[in-house]
Structures are given as C-alpha cells and as structure tokens.
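Reading through the structure tokens given below for one structure.
Just so it is clear, none of the values below were taken in a lab; they were calculated from the coordinates. Just so it is clear, the structure is predicted and the values come from calculations on it, not from any experiment. Don't worry about glycine lacking a Cβ; one is built from the backbone with ideal geometry, like all the others, and counts go over all protein chains shown.
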Amino acid sequence: MHGFQRKGGKLFAEGVSLDGLADRYGTPLYVYSAGTIVDHYRRLRGVLRAVNPLICYSVKANSNLAILSILSRLGSGFDVVSGGELERVRKVGGKMDRCVFAGVGKTREEIELGLRFGVKAFHVESEEELEQIAAVAGRKKGRHAPIALRVNPDVEAGGHAKITTGTYANKFGIPYELVAAAYRRAGADPRLHLRGIQMHIGSQITRVEPFRAAVRKMIPLVERLRDRHGLEYFDVGGGLGIVYEDALASGRDGWWKTLRSEKAMTLNEYATSLVPMLRDLKMDILLEPGRFLVGNAGVLVSEVLYRKSTGQKYFTIVDAGMNDLVRPALYEAYHQIEPVGKPRPGAIPTDVVGPVCESGDVFCHDRSLPPLERGDRVAILSAGAYGFSMSSNYNTRPRPAEVLVTGSRARVVRARERVAGLWQGERK
Ligand code: LLP
C-alpha cells in the first residue's frame, strides 16, 4: 500500500484528507500513515524470510511512542543510541531482549541502564568503551555484559558525506583488521558475554553493491569469530535507501522506483544478493532499518504564508522551517513538495522557504510547482524519517503536532508545543 495519494485531486493520508487535518490541528503538521509502516515492515520481513531476521527498528529515525508501539506490536526489535531512546522503547512495552544499544559515546549511566533493563547487547565501537562496559558489569556481581563489536568494513557506500559511516575516514566502529584481536581480549574477560558482530555502512544507500561488498568482506571474519567465540548473530545494520523523488507514486512498488537517473535497487535485489551469503552462516540475522520503515510513511503539511519576487527569484514562504525539517538545509536533501489541494494548472519555478532567519532555510530551489496562493497547503513528502526526530526549537518556534492516521481514523500522537513551554527550566 502507499499511504499518501490523491483522491478527487486532493491529497489524502490513507482515508483522511490532509486539508481536513490541517484545518483541525493547524500547521505545520506531521502526518503519519500507520498502514505504510506495517506494510514496509512486513515486506522487509517477507523478502528476507529465508533467514528469519530480527528487525531492530532504528529508533533515531522517528521515536514517537505511537510509532514505536506499532512496531513493537509487530514483533520488531529496536536499535537505540541513547538511554533516552531505550526508555522510550520500554515505555511502549518493547522487549528489552530485542534491543541493541549502539553509539560511539555511551556514558556510564547509559551502560548501567542497558544492563539493568537487560538489552540484547551493547554494540561496542572502541576498545576503551569495551573496558568501560566490563568495568560497569564487574561492579554488579554475577552480571555479564552482552556485547557485539561494530566492525567498520571500510566500504564506500556513497550518499551524502555527512551520513556515510563505513570507511576509516569516520568515527564509527572498530577497523576490520583490528576486530579479531579485540574479540580475543574481550573473550578472555569473564565480565563480558560475546553475543554477536555488527556492521553498518551508511544511510540512504540505493545500490546493492555496497551492501553486497560489505557482507562479502565480513563473511570470513564472521565465520571465524562465530567458531572461536560462539557468536550467535550477525547484524548487517540499516541504510536501505528510499525514493524521495516521485514519492507520491501509486502502484505496487510506489516507494521503491527509479531515482533520478540512477536505478535504485529493489527490495528483492537487496534480498537476493544477501540472503544466500547470510543463510549459509547459520546464525541469527539482525537488521537495523530506520528510514526504510518510516521515511515514506510521513509528510510535513505546511501553509503558504506569502509569495514574493526579487526580480531574480520567486519565493514561496511557508510556515514550516528548517527547525521542523532540517534535512534540506543540512544535507541538501531532496523532498518532493506537493499541493495538498487539487493542483492548479501550470507550473512556476519557485524556492520554497521557511520563516527561519537563515538563508539556508530552504526546502527547494527553483522547483517547478503548480501555482500556489496564500492559505494553500503543501505537503513535504518523505518526512517520516529524520524529520520530527531532528527538529528543534530554533528561533523559539514550538515544534509541530504529530498525527497518526490509521484508515479513516486520525489521532494526535504528540501535541503541538506551546510557546510558554519553551522556556521551562530557564531562569530570568
Ligand atoms: N544503524 C546504525 C548503527 C545507524 O547509525 C543508523 C543510522 C541506522 C542503523 C539506521 O539507518 P537508516 O536505515 O535509517 O538509513 N539524519 C540522516 C541519517 C542519519 C543516519 C544515522 N544512522 C538523514 O536524515 O538522512
């Protein structure tokens, strides 16, 4: 299913009109389609059924309790990167033994929390962190800290420089060549329980080659460490890219089509290239998708405030800003923008910009859009992942409300922030 489509020319989230939601709850407004999340989760599990994967949803993509709750009910595990994210998962009744705890800089308090809650494993990113985890576990009698090391396979995955992770030019993981020695030391430590091995090569990866290359490089190492230390699982990380362009497509594989000139991999290609290698390992297989599950399950609805022309440029000023959705400003990320109402005929090149006092507060440059008038709403598509979760109060702007649509039912799953709440905790 595809959660967002036009009916009678107007944009709908499942069975609910986006204009109606904006009338009721105001703008800017995040709207999520529950059905899309369920569908994406099931499809992913479906193509990988030969390895019966444990999908650990990467909470950072969208940590709203309602979304965690949907995934928890589906049996999903979770990939968390902070004590806060772990608390969120617990709040919705997520199974702690399906939680992996990642991150390059876990504090002592966070390690204690993970141990107390009984996470499946800590994903460890340095030798010093390993020592710290052992030390914390050592203070709790009879406690073994479950761990997996995050391997940096040094594979170029492409994508934006700010979100590549799998090479030695960035901070993540333990270099491939040093991993076996680190496992040997960890294996000799009675305070540690070696459970698995993990990799993650980047985000918004739309070709299958980097995944294939990384897994192929990892396999001999994984086999050796499995035999030597009895590792139970291999976690291949997240990073599956989604279609940002033409994201409003109808049809069976609507969110997974051709990207610009590049041919994006299909879910089937991802599965067929990895499954044979993974199946032969005879280990549990974990996956940490974030964006794939929720990216195209959310839009940001915003209202057109003003238009103006400088002679050189034509600007459409909307009420959502970079504080609400930072991806275009931060990564020059492309997000499709669609009129919420029936599109007027014609097209005008325009920069769609927010009200924040930064020239980078731009959602698109010179994009041909149907004519828009004051009071019209637009939907910024593919905003379900790294949208609200990266939002801020910059310019003392209250963050948008979030609404979850299930069929013909809409429910506010986070109230719009109030201005007076923004200085709570401050002192004059
Ligand atoms: N596992 C690990 C260890 C990660 O670091 C990440 C994302 C994921 C899984 C999930 O990756 P996904 O499946 O969502 O690609 N804010 C950026 C993306 C940052 C990704 C950080 N790590 C963006 O808006 O594009």
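A few remarks follow.
- Efficiency of FRET between Asn268 and Asp351 - r from beta-carbon atoms, R0 45 angstrom, step 0.05: 0.75
- Phe117 versus Leu65: modelled label distance in nm, points set 7 Å from Cα along the beta carbon direction: 1.4
- Annotation: extensible slack from Arg73 through Lys95 equals 6.9 nm (criterion: 0.36 nm per residue apart, minus Cα-Cα distance).
- A simple rule links phi to the HN-Hα coupling: the Karplus curve 6.51 cos²θ - 1.76 cosθ + 1.60 with θ = phi - 60°, which for the stretch 33-42 gives 9, 4, x, 5, 5, 4, 4, 5, 4, 5 Hz, with x for Gly and Pro.
- Whichever lysines have a C-alpha closer than 24 Å to that of Lys120, once near sequence neighbours (fewer than 8 apart) are set aside: Lys60, Lys91, Lys95, Lys106, Lys140, Lys141, Lys171, Lys282
- Fewest-first ordering of Cys357, Cys364 by other beta carbons within 10 Å of each residue's beta carbon gives Cys357, Cys364.
- P(r) tail fraction, the chain - alpha-carbon pairs more than 39 Å apart, %: 22
- Taking the fewest neighbouring Cβ atoms within 10 Å as the starting point, the ordered list for Glu156, Glu288, Glu426 is Glu426, Glu156, Glu288.
- Spin-label pair Arg279/Arg108, simplified geometry with 7 Å Cα→Cβ offset, distance in nm: 4.9
- For the stretch 266-336, the list of GluC sites (Glu not before Pro) that fall in a loop by DSSP and count at most 16 other C-beta atoms within 10 angstrom reads Glu332.
- Kirkwood Rh in Å, taken over the stretch 1-105 so that all alpha-carbon pairs contribute: 15.4
- Gained length - Lys313 relative to Leu422, 0.36 nm times residue gap less alpha-carbon distance: 35.8 nm
- Backbone N atoms of the stretch 296-325 closer than 20 Å to the 7 Å Cα→Cβ label point of Thr396 belong to residues 319-324.
- Length added when fully stretched, Glu358-Lys141, from 0.36 nm per residue minus Cα-Cα: 72.8 nm
- Degrees, to the nearest 10: 267-279 long Cα axis against longest axis of the chain: 10
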